[in-house]
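Okay, so here's the structure we're looking at.
The values are calculated or read from the model by the stated rules, or taken from the named source; none is laboratory data. Computed from a predicted model, the values in this text were never measured in an experiment. Cβ placement follows ideal geometry from the backbone for every residue including glycine, while neighbour counts extend to all protein chains displayed. Remember, those area values only see protein heavy atoms, side chains included, never the ligands or the DNA or RNA. Shrake-Rupley method; radii C 1.70, N 1.55, O 1.52, S 1.80 Å.
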Amino acid sequence: MRIGLAVGVSLVFSVLVDVSLRKGIADPAGSTIERSLPTLGFLGVRDVGVGKTIRFTIEAEGEEEAKNKVESICSTFLTNPVIEEAKITIENTDQVEGN
Amino acid sequence: MVDSLHRVLGLSDEEATKIGDILKRTPNPLELAMYSVMWSEHCSYKSSRLHLSRLPTSAPWVLVGPGENAGVIDVGDGIAVAIRIESHNHPSAIEPYQGAATGVGGILRDIFTMGARPIALMDSLRFGSLDDARSCWIAEGVVSGISGYGNAVGVPTVGGEIDFDSTYQGNPLVNVLCLGTLPKDRLVLGRASGIGNLAVLLGSSTGRDGIGGVSVLASAGFSNQVDVEKRPSVQVGDPFEEKRLIEACLEIFDSNLVVGIQDLGGAGLTCATSETASRGGVGMDVDISAVPQREPGMEAHEIMISESQERMLAIIEPNNLDLLFEICAKWEVNANVIGRVTAGDKLRILDRFDGNVLAEIPASSLHDDAPIYDRPKKKPEENKTVSSEKLKVKSDVVSDLLSLLSDPSWVYSQYDHQLFLNTVVGPGYDATVLKLRDPVSGLETNKGLAITTDGNHRWCAVNPRVGTKLIVAEGVMNLSCVGAHPLALVNCLNFGNPENPEVMWELSESIDGMAEACEGFGIPVVGGNVSLYNESSGVNISPTPIVGLVGKIEELHRKPPGFELLEGNRLVLLGPSHIDVGGSLWSALHGLNSGELIDVDLETHKVLADLVRSLVSDGIIDGIHDLSAGGLGVALAEMVAKSKFGITVARIPDALSLFGEGPSRVLVSINSENVNELLSRAESANIPTTRLGLVGGDRFIVKDLIDVPKETIDLAFLTQLPNALGVGTVSA
Amino acid sequence: MTATVGVAVFPGTNCELDSIHAVETLGGDGKILWHSTKNLSGVDAVIIPGGFAHGDYLRPGAIARFSPLMSAIAKFAKNGGPVLGICNGFQVLTEAGLLPGALQKNNGLKFLCKTVQVRVETENTTLTRKAEKGMELSLPINHFEGNFTCDLDTLNSLIDHDRVVLRYCDNPNGSIDDIAGVCNETRNVVGLMPHPERACDLLLGSEDGKVLFESLLGSN
């Protein structure tokens, strides 16, 4: 399935979206992991945060366009801005998709 | 290497010879793989089938007995009930969350395959002891898996039981029961018919899930080196797929589109295609290229044997195909024609329709010709009798009582147990009570269904025959305690390695005990599942038959009495006083599991069950509890913990009277004005009674034995499970 | 006239028939609204019931909010139509921006199914107009993501404008300020985590949910 572009040659980018809870939002899963680590003998672990990663590939003419598209996907769908934020990593896969 | 392929696949030399005789030629690797899964213990019941035939299976209200996907009984008002119980022990030991989740998914498919809407799940769970970290991890994962799948699929988990014992260390038991209702005339059977009809695969795509022992075929030349990419993967459940599959299938049934349908469980497509064909006395061509595959490069045997979840095989007439596709599209369920019903009796696997034949097998030979073994049996050495005197000396009654208390609400509060507005009595009581509604209109019938699951490995370890009888008797009494009479039983027989003659003896004895009890009580066995090879590090588990009973309440106008005690109530014990420590929870607490088990007198038990049912349905009593593991002491403490008041009781002279276990005993709590009515009914039924004391105050007092604040009892009851399982655990 | 209550169904919804049953017990008519429809004609009120719309994948409610039905419901709400989101329906309404805040995992990190006590905090909503402020109701909860959260400004605004509809008497899930239900600015859209449809029958344990459905049915 194609997203966006209808004409021309597009590049394929691989995208990694790292969704985490915004600072200040309670993270009970993270706290629980942090609390259980010392009982397992692992000391000195702090700031545990639990999130999720979402991976996909996307076609775009260039990296800038890919980034804009992914940001839009993140803010409208992949994250709930009330509680979450996303860190986006984009890599060119060096593949070219002709239409 | 190739010569011994059958051995690698788990087939004996005799079994391989038999396959050659059936085919009148040498089987190819695909055919051998298909036989190996269908003739496995799991699919063929080859060690137990001989013994299972001793169970009574018929009654006028039985519509479908053992052998189909689920048992079905007629419960009146044009309504039928489908019920089945199945184990998912081994997958749960490896991956607790997914093992349990896929166990739930599998049993649901068995029920809606029959045309029924699944309305209730129950779980019978056994784990290693609570002081073992890995056992706690398994328990936590299993409960999360049941919660995660059952809640999301939208079928309430309305009851069950849980127990912890070192015998299950490394080999937990996860037995899942499902019950569904259907209009009696919508019953669908898993059979193909009509030459030229189509076999349509519904649901998920097929991956390398659960291909287990057959994975050796994936490695070239069957060397020891297994390609990492081709490693079989753990089955993963998708409750959302299953929910859509349930709704799509029920709509397909309502539209009368199927000739037959079969779920894909153990042995996947091999089992579903051969079972539908052989039950219908037809053949089938299967085009494996039409099966949607999740991974590239899957081989024929992987596709035929994969245990990928959330799949069904529907047999339909070609002119109904468009309508079926329409319903599937609405529910976003994939549907692909993968087979054709053919004349003759051959199951043929093709690389495409009218293409090359990859396997050709008489469909029925995969089932009917499976071997049946009469494995050697041997009675184990006699157990030594435990002296109750010895237990008395070393035990502290109060601390023993507190150690024996455990509230399962930590478990069931994680399960949606109220969906569909049927749950009159939910988890945590003797039996679950559901409203019986018309499955189509949803209208209430003012009748109820009662369900209970019961098992006790401590009893069965001492004496599997008597222990199993006691379990069935307990199930019957649990149903009576909510005013129901039993209609049918399903069982899950969890035993060790059948190649061990002592295990085989246990299994055979247990089946005899079950048969005796079912015949005595007039209860048909409508389905069962046998799980063998429950062992870890060479040690077999204690014999653990689990029974599920379903009963009916003729008039459900008020909530049956529960455990709650009312102030001023009198406490009366009904039933004989014959008890012992053999197989008791109390003796297990002290590390002993032997002694004598008191046999149940089926006639007395029936009379007591009738008396109890009448007391409940006539509204004479306020509270009731069947005495089981932990005896009178645990029953009293559980009732106190579930109530606002304490108790003062007498006539319990010693620890043995408090914790000893024996059959046919029920504790009731009753308004003083009704005591005489109770006593006279008991007297005319010739059931002994003991007036124990009364309800009130804020202490738990057993004269000359125990005097502690009610809070002490409450705290012990409430905190045992959360303390062991709930703190410091991290969910996946 | 009998009120017709449309009950939204997404793939994965499972409390639709229970909600219809409650509506019909109290004299209304229930009507299934499939997620692909945009047609709300003849509907006097909408319930988005509990369940696991689209499997709760990504986040509860995150996929359902994009359905044609949700755009129609948003329009219906904007025109003052009463909308009630129960449990998963509450999650859908927050995701769709029809109600503020978000629902996170319970602080105990476990799914919770049990009966809790909640207190009615305002009579001025379509769901509580027949209830009394301060009234305690015994209602079942059944959720993993019921921990209501929002920023402090939103919380203060909810409090200042009397938009907290229900509070837990004994907070089961870590919700901020014990909040069990909130409404929108125009008070016709209400979301709550407890399941009032499970509390309309004494045989099932409680009838306390009836007053909420009576309010909804009489609200148009």
Does B:I83 fit the bill of being in contact with an Asp or Glu (Cβ under 8 Å, 6 or more places away or on another chain) and of a type in the set (A, V, I, L, M)?
-> no
Every residue from segment B:70-86 that is within 17 Å of B:V530 (Cβ to Cβ) and touching a Lys or Arg at 6+ places or on another chain (Cβ under 7 Å) | B:A70, B:G71
Restricting attention to segment B:361-384, and to residues there that are at pLDDT below 95 and open to solvent by 100 Å² or more (accessible area, probe 1.4 Å), which single residue is farthest from B:L597 (Cα to Cα)?
-> B:D368
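Are there any helices (runs of 4 or more DSSP H) wholly within segment B:37-120 with 2 or more residues that are within 22 Å of B:G170 (Cα to Cα), and if so which?
Because the criterion is at least 2 residues that are within 22 Å of B:G170 (Cα to Cα), the helices (runs of 4 or more DSSP H) in segment B:37-120 that meet it are B:41-44, B:89-94, B:96-112.
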If we keep just the residues of segment A:61-87 that are among the β-branched types (V, I, T) and part of a loop (DSSP other than H, G, I, E, B), which is farthest from the other protein chains (Cβ to nearest Cβ)?
-> A:T79
Being of a type in the set (V, I, T) and under 20 Å from B:S53 (Cβ atoms) narrows it down to one of B:I471, B:I523, B:I553, B:I541, so name that one.
-> B:I523
Check segment B:618-634 and report whether any residue there is on the phi > 0 side of the Ramachandran plot and without any contact (Cβ under 8 Å) to a residue 60 or more places away in the chain.
-> yes
So, of the residues in segment A:10-38 that are in a strand (DSSP E or B) and small (G, A, S), which turns out to be farthest from A:I54 (Cα to Cα)?
-> A:S10
Would you check if B:I546 is part of a loop (DSSP other than H, G, I, E, B), more than 14 Å from chain C (Cβ to nearest Cβ) and at negative phi?
-> no
Does at least one position in segment B:560-568 carry a residue that is part of a strand (DSSP E or B), more than 23 Å from B:G662 (Cβ to Cβ), open to solvent by 10 Å² or more (accessible area, probe 1.4 Å) and acidic (D, E)?
-> no
How many of the residues making up segment A:39-60 are more than 10 Å from chain B (Cβ to nearest Cβ) and either outside any loop (DSSP other than H, G, I, E, B) or open to solvent by 70 Å² or more (accessible area, probe 1.4 Å) (or both)?
-> 13
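So that you can scan it fast, the table gives a plain yes or no per residue for (1) modelled with pLDDT under 95; (2) open to solvent by less than 40 Å² (accessible area, probe 1.4 Å); (3) within 14 Å of chain C (Cβ to nearest Cβ); (4) farther than 28 Å from C:Y57 by Cβ:
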site: B:I211; (1), (2), (3), (4): yes, yes, no, no
site: B:V226; (1), (2), (3), (4): yes, no, no, yes
site: B:R231; (1), (2), (3), (4): yes, no, no, no
site: B:V234; (1), (2), (3), (4): yes, no, no, no
site: B:E242; (1), (2), (3), (4): no, yes, yes, no
site: B:L245; (1), (2), (3), (4): no, yes, yes, no
site: B:E251; (1), (2), (3), (4): no, no, yes, no
site: B:G260; (1), (2), (3), (4): yes, yes, no, yes
site: B:T270; (1), (2), (3), (4): no, yes, no, yes
Can you find even one residue in segment B:442-454 that is charged (D, E, K, R), surrounded by fewer than 23 Cβ atoms within 10 Å (Cβ to Cβ) and either within 27 Å of B:D77 (Cβ to Cβ) or in contact with a Cys (Cβ under 8 Å, 6 or more places away or on another chain) (or both)?
-> yes
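Could you list, in sequence order, all residues of segment B:74-95 that are open to solvent by less than 10 Å² (accessible area, probe 1.4 Å) and under 17 Å from the mean Cα position of the chain (by Cα)? Full working, then the answer.
Narrowing segment B:74-95 to residues open to solvent by less than 10 Å² (accessible area, probe 1.4 Å): B:75, B:79-83, B:85, B:89, B:92.
Answer for segment B:74-95, where residues must be open to solvent by less than 10 Å² (accessible area, probe 1.4 Å) and under 17 Å from the mean Cα position of the chain (by Cα): B:V81, B:A82, B:I83, B:I85, B:N89, B:S92.
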Could you pull out the residue among B:G180, B:G148, B:G115, B:G190 that is within 14 Å of chain C (Cβ to nearest Cβ), under 30 Å from B:I252 (Cα atoms) and not hydrophobic (A, V, I, L, M, F, W, C)?
-> B:G148
Count - residues of segment C:185-211 that are surrounded by fewer than 19 Cβ atoms within 10 Å (Cβ to Cβ) and either more than 14 Å from chain B (Cβ to nearest Cβ) or in contact with a Pro (Cβ under 6 Å, 6 or more places away or on another chain) (or both) = 2
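Strands (runs of 3 or more DSSP E) wholly in segment C:86-163 with at least 3 residues that are away from chain A (no Cβ under 13 Å) - which ones?
Where strands (runs of 3 or more DSSP E) fall fully within segment C:86-163 and carry at least 3 residues being away from chain A (no Cβ under 13 Å), they are C:112-120, C:136-143.
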Segment B:627-727: strands (runs of 3 or more DSSP E) wholly inside it with 3 or more residues that are in contact with a Leu (Cβ under 6 Å, 6 or more places away or on another chain) and open to solvent by less than 30 Å² (accessible area, probe 1.4 Å) are B:666-670, B:689-695
Odd one out for B:V398 among (1) open to solvent by 10 Å² or more (accessible area, probe 1.4 Å); (2) touching a Lys or Arg at 6+ places or on another chain (Cβ under 9 Å); (3) touching a residue at least 40 places away in the same chain (Cβ under 8 Å) | (2)
Considering segment B:121-139 alone, what residues qualify as being in a helix (DSSP H, G or I) and crowded, with 24+ Cβ neighbours inside 10 Å?
-> B:I138, B:A139
Starting from residues that are of a type in the set (A, V, I, L, M, F, W, C) and under 26 Å from the mean Cα position of the chain (by Cα), keep the ones in segment B:599-611 and report whichever is surrounded by the most Cβ atoms within 10 Å (Cβ to Cβ).
-> B:V600
Only one of B:G527, B:G551, B:G520, B:G582 is assigned to a loop (DSSP other than H, G, I, E, B) and among the small types (G, A, S), namely B:G582
The one condition B:R25 fails out of (1) crowded, with 20+ Cβ neighbours inside 10 Å; (2) in a loop (DSSP other than H, G, I, E, B) is (1)
Filter pass, C:G181 being open to solvent by less than 40 Å² (accessible area, probe 1.4 Å), more than 14 Å from every other protein chain (Cβ to nearest Cβ) and outside any loop (DSSP other than H, G, I, E, B) | yes
Tell me, which helices (runs of 4 or more DSSP H) wholly within segment B:372-469 include 2 or more residues that are of a type in the set (A, V, I, L, M), more than 30 Å from B:I706 (Cβ to Cβ) and in contact with a Pro (Cβ under 9 Å, 6 or more places away or on another chain)?
-> none
